[in-house]
Every structure is written in C-alpha cells, then in structure tokens.
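No lab work stands behind these numbers, since they all come straight from the coordinates. All values reported here derive from a predicted model rather than from experimental measurement. Cβ placement follows ideal geometry from the backbone for every residue including glycine, while neighbour counts extend to all protein chains displayed.
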Amino acid sequence: MTPIGQVVRVDSVLDWLVEVFREGDVRSPPGRRDFSVGTFLKVRAGESKLVSVVRDVVVHNPDYGTLRVKAGNREEIEELMPDLSDRVRTLILVYYLGTVERGEADYSYPDLVPRLHDEVVGMSDEEVKNFHIDEGSLSVGYLPRLLKLDNSPHLFSKMVDRIGDVLERDVGLLEKIRDDVSTRSKLEGMREGY
Amino acid sequence: MLVGRAVGPGKTEDELVFVTGRAGEVSVGEFVYFEAGDSQSLCRVMSREEVRVYPDSFLDSERYEPGRIISALGMGSGEEMRSYRVKAKILGTYEGEEGEFKNLRLPPEPGTPVYMAESGYLEEVLYPSRERGLLEVGSLLNRCEGEVKVKLDMNEVVTKHLSILASTGSGKSYTVGVLLEEFVRGDNRGSGVVVDIHGEYDTLAEDREFGDRFEIYEPKIRVSNMTVEDYDLASPRRLTGKMRNRLYQVLNELGDEVNYGFDEVLAELDEEDQTESAIRWRINSIKNFGVFDESVETSLDDICRPGEFSILQFPQASEVEEKIALSYFARKILEARKNYKRVRMGKGLSESSETIKFPVFLVLEEAHNYAPANRDVPTRDLLRTIAREGRKFGVGLCVVTQRPSRLDEDVLSQCNSNIIMKIKNEADQNSIRKGVEAASEDLIRDLPGLTPGQAVIAGECLNTPVLVDIRRRRTEHGGTTPDVAEECRSAYEDFSEEESRRDRDVEEVGKDVL
C-alpha cells in the first residue's frame, strides 16, 4: 500500500502527527487524495497494526514560519541550512481508531503507541472493510470515543463515505448513524448559541 | 439464576432495590430472593424503571432496530442498554411450620446478588402443602402457563369470605365457574348455593363430568313458612314496630293451619284499622310474586346437599323477588348452621329446627344490588351479618361485583380473600384501596392493565398476593357475551321472512275474494 509518511509527534495515545513523505523520501510519494480527511491509515506496531484516520491536514511553508524570521532571508537560509530551505512540509493530524491483531479489530483504548518515525501507510479496501466488520455485522465501535475527541460531524461524514464504498450493504445503517451524529451536533451547537 | 444486584435497602424495612439487565424475566409481580443469613428472603417485584435507555433517535428508524444501531456502535447487542432499577417488596423468609413469611429485617448489603425464585419453591410457599382443601384456580402470570400453580386455601376462602371484583367482560363469571369446579372436584366435595341472576351456570349442571354435582332450582317460598322478618324483607317498605307486633299475632293465630296463603293472612287484617291497613297494602304488593307458593317450598335439604352446589335461578322473577328469595334462604342457611353448632355443643333444639351438618359457601352475583353502599335494603343487613358471623358457623360468602364502589364497605372489608380482575374506574379502585386490606398500591396499579382472565389474588387464601392467569374451565362457560351483529342479522332475516309470508297470505286471500 502507498506509504503516506512517518510519525513525527505523539500527543497522546489517541492523537498523533504524521509528516507526509515528499519527493525523494520514497519512490512514489503520496498524492493529496491519499491523505485527505477521513482516510484510514495504519502503522505497524509489533504484530499489530494501529488504525487511524486523518482528521486534518496542515501545510507548513517555511517562508511564513518562525524559522524564516529567526534565520533571516531565503538566501541566508539556503546558505546556512540548505536541508531546510526547501522544506514545504505537509503534516497530517490523525486520531487512533483501533488495533488489528490477527485479523481481528479491537476498538478499545490502545495498549500501544506508535514510535517516532514509524511508517504510516494507507489501507486497502479489503482492510477498511475487515476493520469495520465484527461477527459479520457492521461495526464502528470507535465512534463514541471519536465523537468525544471531535464532536464535529464532518469527519465522520467523510469516513462514512469511505466505509460506504467498501461496505455497500451497510450504507443505509451508516447513513442513519451519520445523520444522527449530525443532528445531535447541530442541536448541541444551537443550544450553545452556535 | 442471578438477575441483578441490590443497590441496598429501600426507603422502608420491607423494600429491596436492585438493578437488573434481565428485562424479560424481571417483570412486575415476579418473585425474586436474596440470601439473608442461612435463608432465602423472598421478594415480590412491585415496579421497575429504566436506568439506561436507547436514545430517542435510535427509535425512529423504520428500517433498523435500535439494538442493531447499538451493536454497530460497538456497544454490545443492545441488551446492555436495557438496564432497570427494580423495587421489590420483601416478604421475608418462609417459615414452613407456621405457614407464613417472616421479615427478618436484614436489609441486603449493596451488591448482594438477587436471584429469580425457583418455580418449585414458589409452589411450596404460596399455599399450604396438602392435597385436600385446595382450589387450583390458575397459575402465576409471570411464569409459563401451568409452571407455578396457584391454589387457594379452601378453608380460608369459606371461613373468611371471598370477593371477586372485576369490570364487565373481565372474566368474573368464568372465574366463579373455575372456583365451583374446584369446590366440587375430587376430595374437596364442597357444598354451596349460587345465586345465578343471569342464568350463566346452567352449563355446570349439564356437564358430563361435573353435572351430578350441580342442581338447578327455581326457589319457592311457602307462604305459611314466612316469619314476620320475611314479610319485613319482602315488603316495599319496612314494617314499623306496631305492624310487626300485629302481624306476629296474626301469623301465630294462623300457625296451626298448614299451607295457608296470603288471602288467609289478609282475611285476618281489618281494612279500617290504620296499622292493619298498612300491613294489607304491603302484603297486597307482594302477593302475586311467583317466588311465593301456598303449598310448595324449596327445602334446605334440597339446596344444601353434601358435595354439591345448588344453582338458584329466577327466570320469571323480578329483582325484588330475587332479593326476597336470597334473604329467605340465606337466613335459613345461617340459622341451620347455628342450630347445628348448638346441637354439637349439646344444647337442645325444637323439633322443627333445621340443621346443616357441613359448611356452606354462598356465591352471590351482582352483590352490589343486595348489599349496596349508601342504600338501606333488607338484604344488606343480612349479608353484613353473614360476613361478620358466618366464619363461626361455617357459612362462607362469595360476593361478585363489577362495581366495588357500590358495594357495602362492611361486606367488602369482611372478605379476607380477594380475586381482583381488570378495573379501570377510579372510584372502584378507591373502594378497593379502602375495603380490601391485602390490596397494596402496587397491586392496584396493575389492575387497569390486566386482560380478561388475569387477576390479582390477595388475602388469607394465599401466603402472598400474586398475579394469576385463571386456568381454563373444564366445563363450558355459560356467560359469554352475545354476538350482537349475528343476533341482529338473524332476527332481521326472521322478521323479513315473516313479513314476506304475511304479504303472500294477504295476496292469496285477495285472490280468493276476487
């Protein structure tokens, strides 16, 4: 599967930062669609795979970053720190969803965290499908925890699109859950005065 | 089977609060227990409320059951969402030798396991463990049909009286039928009299198995056997003291004659005398009643036979005549039982005094007509007397009514066993609250939700109140509701046919004339 990037920061067991591979890092760097919001990713952790989802994307431009201000103008930076001068970096923020161990998905709180520089790769349709099936039925058991981390319905809506592509028979149920999440979020927003 | 764990003692000493996820098993009226020392403390479930419930939005989908959504969210099968906080009444530990429950006042510690009571144990503790003298009226409603049989203690039913309270169509007369079958079956062979106002119990006498234990009578009262009391009960207005004295004299004078009628009594009374004229008016107003006869009387020996029940029917009689017959025979039965007790105590009796050697159970349909609340009718005093004194002499009373609020409070409160079926009317529920000692608030709450054939049975006849599914009758039920549409259609067809025939006859006659 497409290598996406490497783990560069672990804020918590549930919340990590991944730097996307650029030209030269790997033979075939990912395109923008490979790490769009709602994309499922995996990272190996021993025998297990930690599954996460892209929740946000940050593009870091050194021309407008703190480095530039501290180091001086572009020419000076190119001269002093040639490896940093062209680093327009793309960072993706991911949420942990679950662990796959011996083919079984487990949505509970994780025992493991990824290590820095662990490679993060995309997931095939089959892997996404298997991650969302428990005893033959659709399962998005990570959702209650995910909603606590991010109450916005947009992320889950994107995820539903992706899951629906590989689990067509459960599209109706997914939409029912998505609509419920969406309505709940809107109502809560209204209660709080937007 | 473990069904939950105690939250701790309830607000009162006899309340247990526990939490269960077994919504299907722990229903209101069910029995559970917890270990109290070396014994099991039995409790009856009174109410339950949800602790966790499905979000409303999971319930509005036509396509997906809430459990399926819950399951997709990784929250189990949905069972986990059905968690209930249950309140139960602690009945206590069963003291087999004494045949009753004792609340040890050992409230359960929080977390104490609560178990479902075993069916065998329930049968052991609900009623006395003996073969004879039990009336099997049905089985526990919360268990499978026939799993836990409910048998009433016949001794308690007869000696401490029974009320059957239910709105129309809830199965009153069906239940009476079941009870009568039980009274006469096998070793019980009870005796009694049913006042069958609506002619609903013919089927018992016609039944192949039970028919020989039921006899139908159209009761007759011989005028010459009537006492001043009987005249007083029969008259549209009560007799004054003066009238009673004068009538007493007249009846004494006629005493030697056999089979005299009302005319002979009237002949003794002077029209000109004010008192006697008033008596004459009273006698004239009842003299044509079919229940009276100059020569025939339905004897006590006929209507009170060992091992049998008599069914008194009044196909031609008015309500007044029914009341007269009831009071006449009920009073005679009570007297005969009193006489028997006197004989047993070695006291002498006059030759003419009748005795009945066995207890008699008197079943009275539409009892609110004979012992109405807030209305003075002669039968009410008699029924009050039977309700109050019957226990000592072995005369049991079974009052059956659809309007408990219209039944005399004294009579109702003396019925220490109660079969209560569906009752929605608030006034009737209130009168049950007031008049039925065994009816706790949780039982009354159940009454509107009962369906025909389901009953709350409470009181002395059982060790604890229970919800019961009345068993099927072995005899045919005679009190079915008429099929109005079918009867109307049939009547209309007969009527149309008759009209057509009449038209044809007229035509024929016309032809002949022409």
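Candidates B:ILE419, A:PRO29, A:LEU167 compared by Cα position along the dipole of the protein assembly as shown: farthest toward the positive end lies A:PRO29, with charges placed on Cβ.
Over all directions, average the projected area of the Cα convex hull of chain A and note it in nm².
On the way: hull surface 52.9 nm².
Reported value for the Cα convex hull: 13.2 nm².
Residue by residue, the stretch B:87-96 carries 3J(HN,Hα) couplings of 10, 10, 8, 7, 7, x, 8, 7, 9, x Hz when phi is fed to the Karplus relation 6.51 cos²θ - 1.76 cosθ + 1.60 (θ = phi - 60°); x denotes Gly or Pro.
Loop only by DSSP, 14 or fewer other Cβ within 10 Å of the Cβ. Give me the trypsin sites (Lys or Arg not before Pro) in the stretch B:19-121 that pass, ordered by residue number. Walk me through the intermediate numbers first.
Numbers: sites: B:ARG22, B:ARG44, B:ARG48, B:ARG52, B:ARG63, B:ARG68, B:ARG82, B:ARG85, B:LYS87, B:LYS89, B:LYS102, B:ARG105; in loops: B:ARG22, B:ARG63, B:ARG82, B:ARG105.
Of the trypsin sites (Lys or Arg not before Pro), the ones in loops of the stretch B:19-121 whose Cβ has at most 14 other Cβ atoms within 10 Å are B:ARG63, B:ARG105.
Taking Cβ atoms as reference points and 12 Å as the exclusive limit, the residues near B:ARG208 contribute a net charge of -3, counting Lys and Arg as +1 and Asp and Glu as -1. Between 0 and 90 degrees, the angle of helix B:274-286 with respect to the longest Cα principal axis of chain B falls at about 60 degrees.
Residue by residue, the stretch B:192-203 carries 3J(HN,Hα) couplings of x, 9, 10, 8, 9, 5, 9, x, 9, 10, 3, 4 Hz when phi is fed to the Karplus relation 6.51 cos²θ - 1.76 cosθ + 1.60 (θ = phi - 60°); x denotes Gly or Pro.
Close amide H contacts of B:PHE210 (hydrogens built in the peptide plane, cut-off under 5 Å, sequence separation of 5 or more or a different chain): none are found. Annotation for B:LYS424 and B:ARG208: the two label points, set 7 Å from Cα along the Cα-Cβ direction, are 4.1 nm apart. In order along the stretch B:258-266, phi translates into HN-Hα couplings of 9, 6, 7, x, 5, 4, 5, 5, 4 Hz, rounded to whole numbers, per the Karplus curve 6.51 cos²θ - 1.76 cosθ + 1.60 with θ = phi - 60° and x for Gly and Pro.
Classified by the C-alpha gyration tensor, the protein assembly as shown has a prolate form. Its axis ratio a/c, with a ≥ b ≥ c, is 1.5 or above, and a/b is larger than b/c.
Straight-line cross-link reach from B:LYS347 at under 28 Å between alpha-carbon atoms covers these lysines, not counting any fewer than eight positions away in the same chain: B:LYS160, B:LYS332, B:LYS338, B:LYS357, B:LYS392.
Please work out the FRET efficiency for the pair A:VAL13 and B:ARG489, using the Cβ-Cβ distance as r and a Förster radius of 60 Å; give the result to the nearest 0.05. Before the final figure, lay out the partial values.
Working: r = 78 Å, r/R0 = 1.30.
Computed FRET efficiency for A:VAL13 and B:ARG489 comes out at 0.15.
Other residues with beta-carbon under 10 Å from the beta-carbon of B:CYS304 carry, at +1 per Lys or Arg and -1 per Asp or Glu, a net charge of 0. Once the Cα-Cα distance is subtracted from the 0.36 nm per residue extended length, the B:LEU254 to B:GLU437 segment shows a gain of 61.0 nm. Modelled label positions at B:ARG472 and B:GLU215, each set 7 Å beyond Cα in the direction of Cβ, lie 3.2 nm from each other.
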